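The values are calculated or read from the model by the stated rules, or taken from the named source; none is laboratory data. For clarity, every value in this text was computed on a predicted model and none was experimentally measured. Don't worry about glycine lacking a Cβ; one is built from the backbone with ideal geometry, like all the others, and counts go over all protein chains shown.
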Amino acid sequence: MHPFLSLHRRSTRAADATQAVSIGNFDGVHRGHQALLGAMRESGLPTAVLTFEPLPREFFRCADAPPRLSSLREKVVALRQNGVQSITCLPFNQALANLSAENFITQILVKQLRCGLLSVGHDFRFGAGRLGDLDMLLRFGQQYGFSVKEQPPFLLDGKRVSSTGIRAFLQTGNLAQAAAWLGRPYALCGRVVHGDHLGRELGFPTANISLNRRPVPVKGIFAGRLLSPKGNWIAAISIGLRPTVGSKQMVLEAHCLDADSPDLYGQEVSVELHHKLRDEEKYVDLDTLKAAIDNDVVNTRSFFAEHPQDFE
């Protein structure tokens, strides 16, 4: 096995099966990615995705890299939901960054992934210095027996769907447009952990979802839903540093409405964000904070009463 394939490998393919392969970050697995994967499935070959951890931009830009739309786990789930049968995640390190485009094709695409069809976006580049391009893939494909399918940009209302665009929508609170480009509401997943029980003391018990120190592209107060193995509820959701009490780390809390304090500790849950209610604020005391949360609950109910389709 090639040393770059030694970590995070998830594969169900037979050892000698020729595959339809796509390569990319797939951050968010948005509608552009979904179109690319759909074109790959049309080949009738077993489908495979090659992705990276960390993302290349995180390797090169380190702390300056923009926050992800999806964690590795969330990405794997979304890829599976879109029919991908085999997922290989390469550890992106200096050795991989230095790998020539020619060796990337021969060692990884041909030898390890047994590529029969490569489906890539219109602007796909790869290899050291990003010197690999579509023309190189077509040449090597003729030599090694794989075909190449270039997917055109996926447009909505004349604009190219991209992870960068979705991130901008989220950061400005335009959750409806982000959902349109994602093909689903934006969601964060994680395990419910014990918090400081401040919400319970204020009369609004919350499920505290661990972000594992992960930077996220959203913060504020939201109307959304919590989906869990024990049930689904609409919820008033807070993401941020809780300035009134001075948290040092980003906290994700969901107050489930019409729920009798479900015991979700240790459960993996998904928190969907449907509408931004407001930005975080620092209040003069806990009574003022409690009044604000009460208003958030009222506004969450009002939003879902006006948008019943968001329950579907």
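Taking only region 177-200 into account, find how many residues are over 17 Å from the mean Cα position of the chain (by Cα) and part of a loop (DSSP other than H, G, I, E, B). Count: 4.
Within region 254-312, the residues that satisfy the criterion of being under 25 Å from the mean Cα position of the chain (by Cα) and of a type in the set (V, I, T) are V269, V271, T300. Region 60-170 holds helices (runs of 4 or more DSSP H) entirely within its bounds, and those carrying 3 or more residues that are free of Cβ contacts under 8 Å to residues at least 12 places away in the same chain and surrounded by fewer than 17 Cβ atoms within 10 Å (Cβ to Cβ) map to 134-144. Filtering region 255-279 to residues that are of a type in the set (A, V, I, L, M, F, W, C) and either outside any strand (DSSP E or B) or modelled with pLDDT under 95 (or both) leaves C256, L257, A259, L264. The set of residues from region 211-247 being among the polar types (S, T, N, Q), under 21 Å from R167 (Cα atoms) and in a loop (DSSP other than H, G, I, E, B) comprises just one member, N212. In region 171-199, the residues that are within 20 Å of N232 (Cβ to Cβ) reach residues that are at pLDDT 95 or above and among the hydroxyl-bearing types (S, T, Y) with C-beta atoms within less than 6 angstrom, at least six apart or across chains, in these pairs: A187/S270; C189/S270.
Residue count for region 283-312 satisfying the condition of being free of Cβ contacts under 8 Å to residues at least 12 places away in the same chain, part of a helix (DSSP H, G or I) and of a type in the set (A, V, I, L, M, F, W, C): 4.
Residue count for region 201-210 under the criterion of being without any contact (Cβ under 8 Å) to a residue 60 or more places away in the chain and either assigned to a loop (DSSP other than H, G, I, E, B) or touching a strand residue (DSSP E or B) at 6+ places or on another chain (Cβ under 7 Å) (or both): the result is 4.
For region 28-59, what are the residues that are over 15 Å from G121 (Cα atoms), among the polar types (S, T, N, Q) and not in a loop (DSSP other than H, G, I, E, B)? Hit for region 28-59 is T47, nothing else. Here S228 passes the criteria (1) of a type in the set (S, T, Y); (2) touching a Leu at 6+ places or on another chain (Cβ under 8 Å); (3) closer than 19 Å to D287 by Cα except the one numbered (3).
Within region 101-112, none of the residues are under 27 Å from the mean Cα position of the chain (by Cα), at positive phi, modelled with pLDDT under 95 and in the same structural domain as P56 (by TED's automatic domain parsing). In region 17-31, the residues that are at negative phi reach residues that are charged (D, E, K, R) and not in a loop (DSSP other than H, G, I, E, B) with C-beta atoms within less than 9 angstrom, at least six apart or across chains, in these pairs: A20/R41; A20/K149; N25/R57; N25/K75; D27/K75; D27/R167. Summed over region 251-282, the residues that are free of Cβ contacts under 8 Å to residues at least 60 places away in the same chain and over 21 Å from P185 (Cα atoms) give a count of 8.
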